[in-house]
Every structure is written in C-alpha cells, then in structure tokens.
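Some notes on the structure that comes next.
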Amino acid sequence: MNTRVEAALNDQIHKEGYSSQFYLAMASWAENHGLSGTAQFLYSHSDEERFHMLKLIKFVNERGGKAMIQAIEQPPIEFKDLENVFEQLLNHELMVTDSINNLVDICLQEKDYTTHNFVQWYVSEQLEEEALARTILDKLKLIDGDKGGLYMFDRDLLKMITTRANSTPADSKAQ
Ligand code: FEO
C-alpha cells in the first residue's frame with residue numbers, strides 16, 4: 001500500500017475513534033441531564049463512528065497495509081447546554097469532512113484509485129451527517145431553551161434514530 005495513503009488512512013482511523021469517544025461523552029452528559037432521547041441518539045451516533053473506524057481498519061489491513069490503533073485523547077466532559085453540544089458536533093463533523101477531502105486529494109495525487117473509490121462512501125456519509133447536525137441545530141435555535149420545546153425535541157431525536165437506521169446504506173450495518 002502507498003505509504004502516504006496508508007498514513008492518511010491511519011490518521012482518519014484516529015479521527016473516527018475520537019469522534020466515537022466525543023459523541024459518547026455527549027451521550028453521557030445528555031443522560032445525566034435527563035435527556036434520554038438525546039442520549040440514545042448520541043450513543044447510536046457514537047456506535048456509527050466506531051463503525052466508520054472499523055471499516056477503515058479492515059480496509060487498510062486487507063490491502064496489505066498496517067492499521068495503527070492509537071491512543072485517544074480525553075473528550076470534554078461538560079457542555080454549556082444542549083445547543084452547545086450540537087454546535088460542537090457540527091464543528092467536529094466539518095473538521096472530519098475537511099479530513100476526508102484531504103484523503104481524497106492524497107489518493108488522486110498518488111493515483112490510488114482503489115482507495116479513492118473506497119473513500120467515496122465517507123464523502124457521502126459526511127454530507128448526510130453535516131445535514132443532520134444542521135437540522136438539529138436549527139431546531140434547537142427555534143426552541144431557544146423553552147422547556148416544553150426541549151421535551152418534544154428529546155422525544156423527536158429517538159424517532160430520528162429509527163429513521164436513520166432504515167436509511168443508512170446496508171453495508172454500514174453489515175460489517
Ligand atoms: Fe465518521 Fe461523523 O464522521
């Protein structure tokens with residue numbers, strides 16, 4: 001495997017691993033603040049990020065590279081409020097999108113078209129995740145801290161897990 005591509009994929013493995021821990025920290029915060037629907041949504045999102053990491057690990061190893069499992073830094077424990085949780089989530093996803101785009105660039109520079117093809121799944125996934133984070137954040141801005149609104153929001157997020165599970169590409173659940 002091309003060493004530059006391998007290094008970029010390993011960097012992405014680390015980022016997806018951190019994403020999973022970051023959303024796990026958010027889920028735990030939500031659970032401790034009585035937001036059980038939001039907590040379930042974020043636990044499920046954390047699982048998805050772990051799946052993103054595993055898919056990369058398997059790809060690197062299957063192509064003759066060596067996947068590196070690195071230490072993951074401590075994510076934040078406290079969040080100002082729910083809006084702040086999803087602001088951080090969106091900003092994090094934007095950073096991940098930049099990183100995926102960078103990976104695409106490297107694949108093209110190194111003429112690694114197989115990896116380029118593999119990474120397209122992540123390009124689509126990032127589009128979906130950014131759109132979802134923006135929708136959630138827009139809802140929270142509308143609610144503007146209203147208690148009744150937050151109660152409904154929390155219930156709605158539970159429904160979103162089911163909708164997403166049904167619309168996620170089949171291979172994302174199978175591997
Ligand atoms: Fe796997 Fe949400 O980035």
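Taking Cα atoms only, the orientation of helix 147-167 departs from the longest principal axis of the chain by about 30 degrees. Here the Karplus curve 6.51 cos²θ - 1.76 cosθ + 1.60, taken at θ = phi - 60°, turns the phi angles of the stretch 131-143 into couplings of 4, 5, 4, 5, 4, 5, 5, 4, 4, 5, 5, 5, 5 Hz, with x standing for Gly and Pro.
R0 = 30 Å: FRET efficiency of Gln74 with Leu108, Cβ-based, nearest 0.05? About 0.30, to the nearest 0.05. Each peptide in 80-91, 38-49 gets a packing score, the mean of other Cβ atoms within 10 Å over its residues, and the list from highest to lowest is 38-49, 80-91. Legend: residue pairs Lys58/Lys139; Lys55/Lys139; Lys58/Lys80; Lys15/Lys66; Lys139/Lys159, Cα-Cα distance threshold 26 Å; pairs beyond threshold, Lys58/Lys139; Lys55/Lys139; Lys58/Lys80. Taken one residue at a time, the phi angles of the stretch 10-15 give Karplus couplings (6.51, -1.76, 1.60, θ = phi - 60°) of 5, 5, 5, 4, 5, 5 Hz. Gly and Pro are set to x.
Sequentially through the stretch 22-37, phi angles give Karplus couplings (6.51, -1.76, 1.60; θ = phi - 60°) of 4, 6, 5, 5, 5, 4, 5, 4, 5, 4, 6, 10, x, 9, 5, x Hz, Gly and Pro residues having no value and appearing as x. Using the 1.4 Å probe convention, the accessible area of the chain works out to 52 Å² per residue with neighbouring protein chains retained. In this simple spin-label model, placing a label point 7 Å from the Cα along the Cα-to-Cβ direction at both Glu128 and Ala7 gives a separation of 3.2 nm. Between Met95 and Arg164, full extension at 0.36 nm per residue minus the direct alpha carbon distance yields a gain of 22.6 nm. For the stretch 82-146 and the stretch 1-64, compute the distance between their C-alpha centroids and round to whole Å. Going from one Cα centre to the other spans 12 Å.
Net charge dipole, the chain: roughly 420 debye, given to the nearest 20, about the Cα centre with Cβ charges of +1 for Lys and Arg and -1 for Asp and Glu. Computed extension length for Asp81-Asn117: 9.0 nm, one decimal, from 0.36 nm per residue of separation with the Cα-Cα distance subtracted.
The values are calculated or read from the model by the stated rules, or taken from the named source; none is laboratory data. Only a predicted model underlies this, so the values are computations on that prediction, with no experimental measurement involved. Ideal geometry is used to build each Cβ from the backbone, glycine not excepted, and the neighbour counts take in all protein chains shown. Please note that ligands, DNA and RNA were not included when accessible areas were found on the heavy atoms of the full protein model with its side chains. Shrake-Rupley method; radii C 1.70, N 1.55, O 1.52, S 1.80 Å.
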